[in-house]
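**Student:** Below is a structure I'd like to ask you about.
The values are calculated or read from the model by the stated rules, or taken from the named source; none is laboratory data. Since the structure is predicted, the reported quantities are computational estimates derived from the model, not experimental observations. As a convention, Cβ positions derive from the backbone with ideal geometry for all residues, glycine included, and neighbour counts pool all protein chains shown.
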There are 2 protein chains.
Amino acid sequence: MTGSSGNASGSPAPRKRADARRNEKTLLEAAAAAFVASGVDAPVRDIASKAGVGVGTIYRHFPTRADLVVAVYRHQVEACAEAGPHLLANSPSPYTALTRWVDLFVDFLVTKHGLAEALRSDDPTFSTLHAYFLDRLVPVCAGLLKAAAEAGEIRSDIAALELMFGVGNLCIGADEPRYDARRMVELLLTGLRLP
Amino acid sequence: MTGSSGNASGSPAPRKRADARRNEKTLLEAAAAAFVASGVDAPVRDIASKAGVGVGTIYRHFPTRADLVVAVYRHQVEACAEAGPHLLANSPSPYTALTRWVDLFVDFLVTKHGLAEALRSDDPTFSTLHAYFLDRLVPVCAGLLKAAAEAGEIRSDIAALELMFGVGNLCIGADEPRYDARRMVELLLTGLRLP
DNA sequence: TGCCAATCGGAACCAGGTTCCGTATATTTC
DNA sequence: GAAATATACGGAACCTGGTTCCGATTGGCA
């Protein structure tokens, strides 16, 4: 919910020029469409031409591809993060809350062609994407994990970061018809349970 | 064990020129070294220069990168495939055999930088790599899975192909210090058990 | 209206994969 | 042993896609 360009501390907050704001919005829409059509690594030139701008304009607004991806999916990631505490409060058990939350995360990933792959790639282009997801979601996952562990429902030697990596990995290639990422994640979570 | 160039059915089997055979060997060695140093997607030109040949020579011997990768790792994949029946015969239970075999597979993958990623990439360059691994290993895995299921040790609704995909995925990014692929795979296999 | 800084567009550049063909060499033939 | 032929070689050239840079344009303001 940070305002369109707000910046709390008394920084100059120089409102961007009208055409710049317009282009940024157009670009975001074009990128979202391109991501759906060709995955998160749709060619830069394609996105630019779809938005009717030059490639320079993309780089000015979103220096790295990660910035663009984050901008496109920020709302959904925030929603996922906020769902954590809510699920914990409204589920019959912490373990149930954990599985439901992971389901949300998996749903998000499997519907974004190439996102799971990008999250794991060590390509520096994606490092801030990686960082954003981790910063935002690992603490949420950690909370759920801790609650379930304290309730004695799951083993307590698995870190949130590691679980998120594992789940993210299992979501790779989810478009392959003979592979059901959700089922594999279910197996992983079952393996977490204490007898 | 197929002879160096043998070809059972009475095909012409035209022995290659001496320099060609020599280059193929040199190339294989250079590629193996490059894969260790920079992962399975080491630049073609690097491999060529390391081997002291032109890029055309690589493409002549190994039309796609997958061919090169398969050639470099064939022995190890075969060994893994052959270990399946052996483990089944020499382990206390089919489930134990399965976990040991998967350990072997994981060991293989995590020590080859970028191999797990390549196996999942939908890049057509790697399609025959994908096919080779699957053709060779899925049947082995299926045998182990079937034995364990018939012994009532694990659920019987998971296909070998799916399990292999899942395990392969979990091996991605195994060089990240905060991520232990082996542990995640262990969780997955635990989740397979029947109570 | 005119000025200046913000913004834009896209040509140019770089990296890495892939193709192609003139040249070089192993093998066969006489 | 030399010529003829089939093979194989090397690497320049080309293609794709990311990234940079700068002259041209334009919004905001006096």
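**Student:** In this structure, does A:Ala34 turn out to be away from chain B (no Cβ under 14 Å), of a type in the set (A, V, I, L, M), at negative phi and more than 10 Å from DNA strand D (Cβ to nearest atom)? Steps first, answer last, please.
**Tutor:** Numbers: away from chain B (no Cβ under 14 Å): yes; of a type in the set (A, V, I, L, M): yes; at negative phi: yes; more than 10 Å from DNA strand D (Cβ to nearest atom): yes.
For A:Ala34, the condition - away from chain B (no Cβ under 14 Å), of a type in the set (A, V, I, L, M), at negative phi and more than 10 Å from DNA strand D (Cβ to nearest atom) - is met.
**Student:** Related question: Which residues, taken from segment B:35-68, are small (Gly, Ala, Ser) and within 21 Å of B:Arg120 (Cβ to Cβ)? If you could, list the steps in order and put the result at the bottom.
**Tutor:** First, pick out the residues of segment B:35-68 that are small (Gly, Ala, Ser): B:37-39, B:42, B:48-49, B:51-52, B:54, B:56, B:66.
Of everything in segment B:35-68, those that are small (Gly, Ala, Ser) and within 21 Å of B:Arg120 (Cβ to Cβ) turn out to be B:Ser38, B:Gly39, B:Ala42, B:Ala66.
**Student:** Sticking with this one: From the list A:Asp157, A:Asp122, which one is touching an Asp or Glu at 6+ places or on another chain (Cβ under 9 Å) and within 14 Å of another protein chain (Cβ to nearest Cβ)? If you could, list the steps in order and put the result at the bottom.
**Tutor:** Working: A:Asp157 fails: touching an Asp or Glu at 6+ places or on another chain (Cβ under 9 Å).
After applying the criteria, what remains is A:Asp122.
**Student:** In segment A:37-48, how many residues are within 12 Å of DNA strand D (Cβ to nearest atom), surrounded by fewer than 14 Cβ atoms within 10 Å (Cβ to Cβ) and assigned to a helix (DSSP H, G or I)?
**Tutor:** From segment A:37-48, those within 12 Å of DNA strand D (Cβ to nearest atom) are A:38-48; that's our starting set.
With surrounded by fewer than 14 Cβ atoms within 10 Å (Cβ to Cβ) added as a condition, the list becomes A:43, A:45.
Narrowing the set further to residues that are assigned to a helix (DSSP H, G or I) leaves A:45.
Adding up the residues that qualify gives 1.
**Student:** Can you tell me which of B:Arg183, B:Arg136, B:Arg178 is within 22 Å of A:Arg182 (Cα to Cα) and surrounded by fewer than 18 Cβ atoms within 10 Å (Cβ to Cβ)?
**Tutor:** Numbers: B:Arg136 fails: within 22 Å of A:Arg182 (Cα to Cα); B:Arg178 fails: within 22 Å of A:Arg182 (Cα to Cα).
Testing whether each residue is within 22 Å of A:Arg182 (Cα to Cα) and surrounded by fewer than 18 Cβ atoms within 10 Å (Cβ to Cβ) leaves just B:Arg183.
**Student:** With respect to the numbered conditions (1) aliphatic (A, V, I, L, M); (2) farther than 23 Å from B:Leu170 by Cβ; (3) more than 16 Å from DNA strand C (Cβ to nearest atom); (4) buried (at least 20 other Cβ atoms within 10 Å of the Cβ), which one is the sole condition not fulfilled by A:Ile58?
**Tutor:** Only one criterion in (1) aliphatic (A, V, I, L, M); (2) farther than 23 Å from B:Leu170 by Cβ; (3) more than 16 Å from DNA strand C (Cβ to nearest atom); (4) buried (at least 20 other Cβ atoms within 10 Å of the Cβ) is unmet by A:Ile58, namely (3).
**Student:** Here are the criteria: (1) part of a helix (DSSP H, G or I); (2) surrounded by 23 or more Cβ atoms within 10 Å (Cβ to Cβ); (3) within 11 Å of chain A (Cβ to nearest Cβ); (4) not polar (S, T, N, Q). Tell me which single one B:Ala148 does not satisfy.
**Tutor:** (3)
**Student:** So, of the residues in segment B:62-108 that are surrounded by 21 or more Cβ atoms within 10 Å (Cβ to Cβ), in a helix (DSSP H, G or I) and within 16 Å of DNA strand D (Cβ to nearest atom), which turns out to be nearest to the other protein chains (Cβ to nearest Cβ)?
**Tutor:** Top of the filtered list is B:Arg65.
**Student:** Out of all the residues in segment A:120-130, which are assigned to a helix (DSSP H, G or I) and either modelled with pLDDT of 95 or more or within 16 Å of DNA strand D (Cβ to nearest atom) (or both)?
**Tutor:** Of segment A:120-130, the ones assigned to a helix (DSSP H, G or I) are A:120, A:124-130.
Of everything in segment A:120-130, those that are assigned to a helix (DSSP H, G or I) and either modelled with pLDDT of 95 or more or within 16 Å of DNA strand D (Cβ to nearest atom) (or both) turn out to be A:Pro124, A:Thr125, A:Phe126, A:Ser127, A:Thr128, A:Leu129, A:His130.
**Student:** Can you tell me which residues in segment A:171-190 are among the aliphatic types (A, V, I, L, M) and more than 8 Å from chain B (Cβ to nearest Cβ)? If you could, list the steps in order and put the result at the bottom.
**Tutor:** At the first step, the residues of segment A:171-190 found to be among the aliphatic types (A, V, I, L, M) are A:172, A:174, A:181, A:184-185, A:187-189.
Answer for segment A:171-190, where residues must be among the aliphatic types (A, V, I, L, M) and more than 8 Å from chain B (Cβ to nearest Cβ): A:Ala174, A:Ala181, A:Val185.
**Student:** I would also like to ask the following. Considering each of A:Pro14, A:Pro63 in turn, give the residue that is modelled with pLDDT under 95 and within 16 Å of DNA strand C (Cβ to nearest atom).
**Tutor:** Every option except A:Pro14 fails the conditions.
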